[in-house]
Amino acid sequence: MVKIRRPNAVSFGSLSSKRRKNANASGGIVGMVCRNNLVFIVILLVVLCTAFLYSNRNEGVVPLVLRDSSSGYDTSSSKSKESLIKEVLIHEVVTVPMVIYDNNYSKDSGSMNSHNNAGGNTKPRLNLNMNAPVRRLSIQEMMNPEHQQARTKPLLLTGWKEYQTSQSNGAGDSSNSNDAFSVSMQEENFQKVFGNYTQYVKNQFVQPLKDKQDRKCLATSSSVVKLMKMKSKSLGIITRSTDNKSKQIKKNADKGKDNGDHILFFTNDSESPDFFRALKATYTIPSPLHYGADTDAETDAETEDKSGKGFHVFSAMVQGSFHGFHKHDDAHIYQIHGRKMWWFLPPDTQTPPKHNPCLFLVNSDKLHEGQGQGQGQAAAISVLQQPGETIHVPKNWWHATCALDDWTIAVGMQRGSPHKYQQNFESLPQPFVKRSNANANAQDEDKAQHTVDEKIHPMPWADGNAFQTRMEECGVKFDWNDPKSWIWFNGDLNAYYNKLIASDSKRNPNVISSYAVHRWMGKDKSTLIHYELIHGMIQQFMGMEQSESRNLRLLDAGCGLGAGLMWFETNAPKVWSLVGHTISTAQLEFINKLPSHKFDAVLKSYDDLEVYKEEDTPFDVMYSIEAFIHSPDERNTLKKWSEALADGGIIVIVDDFLSVGVDKEADDVQLFSKSWMANVLQTTSSLSDIAEKFGLELVVDRDLGSEYQVVKRNYRNKIPDIRPTKKKNHQGWLGAGMRQRLMVEGKITYRLIVFQKKGGMTSSSSSVALSQVVQGQCASVPLAPDNESLLDFQPLEAAHRTGKGNDGGSKQKCISGWYCCGQGEEWWDNLDSKRTHNTSYLKLEKSLFGNYMDEMVEHLNTFYRQLPSGVKGKFLDIGGTGSVSSGMSKVTSKFAHFAGPFDYWVLDSDSAAKGLDNALHCDMGDCPEALDCEFDVTFSHTVIEHSSRPWHVFDEIARITKKGGLTLHVVPFSYQYHATPDDNFRFSHKALTSLLEDRGFKILDVGYDICTKPEKVLKNNIDEHFDVIWLTYVVGQKL
């Protein structure tokens, strides 16, 4: 059990003397305690007495589900109790139990909460500590005459298992019987027994989905569960995601909107008698809850209704499933697995809004929307139902539910007849269920043999995507990124390529461009530019004249349909020898049908090059267009290629590469990898590090995607709508869509890179390479290849230091004697809880506020962890000595601890930098002393604002930072004038983003930190220093 302490004093309550006076005038607790010892003693006694009463109160509380202290939430933080509870409900309502104390708890009250909207202008909220007027009883107690009145209101009932008996012999241990029932209803066991029963696919109003011909839609139990899981993931309300989609969900919650169509698995024994015959064999309805004899498919609905009999119901939900406000006759639901949140409104309540009730967890205002204020509306009641508990729903009480767990199932009964509630659908046939009971009567057998027309209602096992297509006709919207929606080749690259060829019959062997299957490039959408580019690389590195006269040997590694070989044979010197390797039988068959040619194409992996080594016939040029990415082991491939390459020879690769900083384990990247068989997920820098081990040097790195505007011209800057069709239903089409999506999002780039084998390079070819290659020449930060030892370093600690002495000097609590930082999130929360105006153009997202010291240290530690063992590097602190000439104290190592395993360097125009070891004395906007791509990390702390032309500073930063290197900067956004020696600029997060992105950096982090004066300084010092300052921080990585 976790107790939530009252919040400490909020530091922003003392930002100014004026605010302090206001706080004292309003009777702040901290102020009273400090001024009045008597008050302190009284409060202490109250707290102790309350704790004693809580420790001795009755057992039986059904806890609301929040998180305990192990979850990472600081329950002693300065946040208010209400905001903490609300935050945890929003993000972590589905995890670890925790009891919230209820001052009004009594023995007969359960885990229910009242939400009363009466009371004038009080804003309604999900208050978890109000009076709980609903009683908690056992099922047996419920039937006592003294509790007759209690049955007219919702009840939380216990004692279901006492009524369960062994189904095999009619008697026995009820506990064991109930446990067996629970086990049989676990998801895996349920799917095995009930997965093939036919069900109506229903919406959130418990009505079957229909197609345009008004035909009800059917699916098996297992597929309905899968559909629910798919739709609940699109909702995402009770997840902790912080992406843009979740932000939109929060906005929709504020507006009272749900997020698209939703599926319910809710059925009864009238529409699904066979399903219930099997289901009811596993449990017994407690006699006090049984509403008369079990219904039968042939029971007359009118007779049943008049006699007061009821029908059985079954409900299966997944996390995020919901059932909006509705009402009916008496009912009860027993929870078998999972947890469910309920909301109740009295019968005389005007019709509640048709909101998704899961949104009430996010925005409780929606619970009362349309109910009016100050009109004496009755309280709304909420209750958390846990496994083993039964909810009693009285006649005509409005109720709504939201499932909190991924397998939330229940059984129960409802008084009356399904037809009364528009649930009187024809009985479902069950042709896909094997009858295990040999003694089933003939009537049952006849019903079981009723067929389902699978041409109209294809089931999940139908060919292709027939089932998904049918569900789309019924209004279900699919996430086609789900791998189960596509045909897969299980890693068989031969089958993959063969299927691609079989699905496209438009290839003309007499027209090279028709079978050059590459990305379009240029205004004319040519696929032949690739060969022209490779030809240009050959001329550049082999020498124009030499390449035209030499008998060069070329290998097309992954030659596809032979377009590259045919192009070179047609356009290159006749003395060149051309060989191509493919692993696709269909591709080789196509090549053999091409017009007469001299080149050789063989059915081999492009790693299988031993024969050329044995014959001592190395290749001068090897090229691979959109094939290297499929290598099962890029290290082995580069090793084999290097061994088969002549000294001074080149390898040209045109393919997709990861952008720097992209997480290769991210779901979308992994889906691309799986569907496209993109086994090689490397940046050009990381691949270069691998190639160096095999004597290959990266000499060209061209971004063809940018150069030929692939995203604009090919993809029209659009993220694709990825979905299978009848002809395009296998993983290759999914991969192509994911490739487009990732490229539009900037997560992958389309590049041409050239490796040259060391040794044998003539001076002329070397000079050509050095003069022709510009951006590709910049040194890269070495990253450790997989399965190789990583750098052993002491992780950095987020701490301010004095800058005087070794390793940054001694620690200090604050950034300086004037300010303490790290209060961005607290400031945002404080403002948001007290704001009087909600002006959109003034607001910044909470995600932009953080502790700059923590954020930078986290990025540096992540960066250092990727380095190989024994690596050497340089960390540059720009402005690292302080402005001594302006009267400031000299510092020499304030951020030396940030350098971690690297050598610490400083750059400063101040004379204090002269004579220091590892120091560059120059202007930060023009420093020729710093070499191109010299530093692995560049850093500055409240320095760049002093430059009269900060864009020049960022030009220098881009020039001297290595590819893949980090750059980190802190600058003022709101700050007093401080001429040390000058003061020129302030920067927003947008400014820093554009300054770095325009110079080839990817933004990893950007935001604001807020710093305030310590209480002593605020009290004793009065000058130009602002009481509160804003700092902007940014972390970028050079591409």
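Bear in mind that the values in this text are calculations on the coordinates, not laboratory data. Owing to the predicted nature of the structure, the values given are computational and were not obtained by experimental measurement. Glycine gets a Cβ as well: all are built from the backbone with ideal geometry, and neighbour counts include every protein chain shown.
To the nearest 0.05, what FRET efficiency results for Lys1019 and Ala979 with a Förster distance of 30 Å applied to their C-beta separation? Walk me through the intermediate numbers first.
Values: r = 27 Å, r/R0 = 0.90.
Step by step, r from the Cβ atoms, then E = 0.65.
About the Cα centre of segment 807-1038, what is the dipole size in debye to 20, counting +1 per Lys and Arg Cβ and -1 per Asp and Glu Cβ, all else neutral? All intermediate terms of the calculation are to be shown ahead of the outcome.
Numbers: 24 positive and 33 negative charges, 77 e Å.
So the magnitude is around 380 debye.
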Subject >> Spacing of the two label points (7 Å from each Cα toward its C-beta) at Ser988 and Glu589, in nm >> reply: 6.2
**OP:** Go through Lys523/Lys990; Lys153/Lys834; Lys340/Lys395; Lys598/Lys758 and tell me which ones have a Cα-Cα distance over 27 Å in this structure.
**Re:** Lys523/Lys990; Lys153/Lys834; Lys598/Lys758
Subject >> Additional length obtainable on full extension of the chain from Gln350 to His952, 0.36 nm per residue less Cα span >> reply: 210.1 nm
Subject >> Net length gained if the chain between Lys395 and Glu454 were fully extended (0.36 nm per residue, minus Cα distance) >> reply: 17.2 nm
**OP:** Take each of the peptides 847-857, 560-570, average the number of other beta-carbon atoms within 10 Å over its residues, and list them starting from the highest.
**Re:** 560-570, 847-857
**OP:** Subtracting the Cα-Cα distance from 0.36 nm times the residue separation, let me have the gained length for Asp932 to Arg550 in nm, one decimal.
**Re:** 133.9 nm
Original post:
When the Cα centres of segment 998-1039 and segment 912-974 are compared, how far apart do they sit, in Å?
Top reply: 18
Original post:
With each pseudo-label sitting 7 Å past Cα toward Cβ, what's the Asp211-Ser911 distance in nm, one decimal?
Top reply: 8.9
**OP:** Using the Karplus curve 6.51 cos²θ - 1.76 cosθ + 1.60 with θ = phi - 60°, work out ³J(HN,Hα) for each residue of segment 703-712 in order, rounded to whole Hz, and write x for Gly and Pro.
**Re:** 8, 5, x, 6, 4, 10, 6, 4, 5, 6
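Calculate, for Asp492 and Glu665, the FRET efficiency according to 1/(1 + (r/R0)^6) with r their C-beta to C-beta distance and R0 30 Å; round to the nearest 0.05.
0.80
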Subject >> Rg followed by Dmax, in Å, when segment 788-875 is reduced to its Cα trace >> reply: 18.4, 57
**OP:** Across segment 636-744, how many lysine pairs, 8 or more positions apart or on different chains, have C-alpha atoms separated by under 27 Å? Please give the number.
**Re:** 21
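Sort Lys894, Lys395 so the one with the fewest other Cβ atoms within 10 Å of its own Cβ comes first.
On the way: Lys894 21, Lys395 14.
Arranged by neighbour count, lowest to highest, Lys894, Lys395 become Lys395, Lys894.
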**OP:** Between Ser840 and Asp463, with labels modelled 7 Å along Cα→Cβ, what's the label distance in nm to one decimal, could you check?
**Re:** 5.1
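Let me have the relative contact order for segment 807-1038, percent, based on Cα pairs under 8 Å that are six or more residues apart. Please list the in-between numbers first.
Numbers: 440 pairs, mean separation 50.7, N = 232.
This gives 22 percent for segment 807-1038.
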